[in-house]
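Inspection log for the structure reproduced underneath, given as structure tokens.
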2 protein chains.
Amino acid sequence: MLSEFSLIDRYFARRARTNTRRAALGIGDDCALIAPAAGEMLAVSTDMLVEGRHFLPDVDPRALGHKALAVNLSDLAAMGAAPLGFTLAFALPKPREDWLEAFSGGLFELADRYGCELIGGDTTAGPLNLCITVFGSVRQHDALRRDAARPGDDVWVSGTPGDARAGLGVLRGEWPHVQIDRADAAHFRRALEYPEPRVALGLALAGIARAALDVSDGLAGDLRHILERSHVNAEIDVDALPLSAALARLPRALQLQCALAGGDDYELCFTAAQAQRGAVEAAAQQAGVRVTRIGTITSPDLAASPEAAVAARDGAHAQHKAQAWPDIAWRDASGAPLNLTLQGFDHFHAD
Amino acid sequence: MLSEFSLIDRYFARRARTNTRRAALGIGDDCALIAPAAGEMLAVSTDMLVEGRHFLPDVDPRALGHKALAVNLSDLAAMGAAPLGFTLAFALPKPREDWLEAFSGGLFELADRYGCELIGGDTTAGPLNLCITVFGSVRQHDALRRDAARPGDDVWVSGTPGDARAGLGVLRGEWPHVQIDRADAAHFRRALEYPEPRVALGLALAGIARAALDVSDGLAGDLRHILERSHVNAEIDVDALPLSAALARLPRALQLQCALAGGDDYELCFTAAQAQRGAVEAAAQQAGVRVTRIGTITSPDLAASPEAAVAARDGAHAQHKAQAWPDIAWRDASGAPLNLTLQGFDHFHAD
């Protein structure tokens, strides 16, 4: 068994030292020293992944290394920030060399691709736990915040949400009566295990989109975070949801469950003024990512009264409920209302 | 049982929102946005604490909240950096309100005292695990690095190392044949549970001291990190070690084990040019912390040959051993060598 020090050195520190050095001082001192570019802010996000909750005990360690960093890079993407570096703290029951080699391989493959440098970390014995804190650089006024959506904005989503949730269903054998073809099952599983953070799209949208977040807990639930923070409602055209060819081959009820309430997609959901439609399409093309308009931001009823809006912002929860805010109105392509409730999705939640 | 969201909100996010806002954007978005002061760097450190390894299962949660942040602030202190903020990610088997109230109480008491703002975090179900990443601000050229010690420098240590290790011994009942008075036991336990990060001392020493680190794994082992990174050796006068009155009442062998090989002290060990003795004393007085000169940085034998020094820096391990570098020569007050070996301390290691 490797000692803690030689373990860190073999799989992490040595690799970190040979990377391009964005940090003024990296691994090996009490702290790393970094700075955002002149005039920019440092965007910081942290995520903890626990066995049994965020990944299955028999997960491929290479996929785990990829995903642990991908979910953090996705938070940078959702702010429109450029990756700079990350710290990695993890607890391992027992260091196994083959596991560490595959895990660090998946991690650094992604880190190198985005020029994101390992600048510090901590390892300890304990039940498997991964904690990554990621750092990016963004101009403060270009940052894609959750509280910036305005009535009239288009609502957009990248990629084809729902595939990761279908991958979890396949792995768990949740739908024994549904025929799923092997190639489709492989597509779903890859979406679950190797999510691609939309870093290039987030950067291209900075200064064009208004509000944005990454879809980690399901499109319906995550969109509500934008609505809450921006004090608006939304109408979503369920027939406009972009589905992968594989997901479109599942029964319609499963399609909607996966696309709206499935987690782990790490696509971006964002809003932009209608006047920016051309700019959004151009940004998506530049980033090589499909984006789809799925609805519109609407005024909450209470916005008619400035006092009510202030009360809402200050946390008058009873009034929120009375005013049905934040609320998503689900429609089909003809504009007819659909009777979808968020509660109906909850037990499909992947997290 | 509280849901994840209301748990975070009640004990952490609400509190974070009412603090002074050093971050341009804090909890509630995909990322927090922060920046160091103009012309300064961001110092970053991360530590993961696991039950059974870093704290006992029955630890007082208020003490745990204090210590989880204290060990991170101590890393900033060791760089001479001023605390700005921190992220907190934790896994909890089952959220218990009384536990969370005490834990967050201990955490925020210390955070508020140092103006260190909670800017982001993550909570999840899982075996108890705490991961804090802390951010400070420091001028790059004032940062107290591990690789800056030079032959002739004095070696200093703050406070009275060893008390925390004695506290662990008392808690574990390791020394049943040693008479330890109740007040001394309480003193040791407090040193273990409520270490005080030497932030003010680190700030006062920035620009005065050369190399520094915080003593988390025992003075002997941690000093070797400075020696390794700076390519130097050291002579330490064991009789000069500053001992608390309580530690001085233990048998001499225990005193030395605790003071030299004990962990969890979070005192600063640093080097400074002899010409800076007055400035070091003044800095310590300003910070209200005792500092003691315990030895001298010496040239390694191999420094006589520049080629050998280069080989050492490039990792010629065999040569390191042949040249006994890095090495600590232990002396008593008369200058006579003491036969202390690092191996002899290892099984007392608190970590």
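The numbers here are math on the coordinates, done by the rules we state, and not lab data. A quick note: this is a predicted structure, and the numbers were derived from the prediction, not measured. Here the Cβ is made from the backbone with ideal geometry for all residues, glycine too, and neighbour counts use every protein chain on show.
Placing dummy labels 7 Å off each Cα toward the beta-carbon, the span from B:Asp181 to B:Glu109 is 2.6 nm.
Relative contact order for region B:63-149 using alpha-carbon pairs under 8 Å, separation at least 6, rounded to a whole percent?
Numbers: 133 pairs, mean separation 42.0, N = 87.
The value is 48 percent.
Projected label points at A:Ala245 and A:Ala37, each 7 Å from Cα along the beta carbon direction, are separated by 3.9 nanometres.
Between A:Arg150 and B:Gln285, take the C-beta separation as r, use R0 = 35 Å, and let me know the FRET efficiency to the nearest 0.05. My answer for the efficiency is 0.05. If you wrap the Cα atoms of region B:127-282 in a convex hull and average its projected area over all directions, you get 10.9 nm².
Once the piece of chain linking B:Ala253 and B:Arg53 is laid out straight, how much longer is it, given 0.36 nm per residue of separation minus the C-alpha distance between them?
Values: separation 200, 0.36 × 200 = 72.00 nm, distance 2.49 nm.
That works out to 69.5 nm of additional length.
Size of region A:83-131: Rg and Dmax of its alpha carbons, in Å, are 11.4, 31. Computed from the C-beta positions of A:Tyr194 and B:His141 and an R0 of 30 Å, the FRET efficiency is 0.10 to the nearest 0.05. Each other residue within a Cβ distance under 12 Å of B:Arg146 adds +1 if Lys or Arg and -1 if Asp or Glu, for a net charge of -3.
Placing R0 at 60 angstrom, the Cβ-Cβ distance between B:Arg10 and B:Ala336 gives a FRET efficiency of 0.50 after rounding to 0.05.
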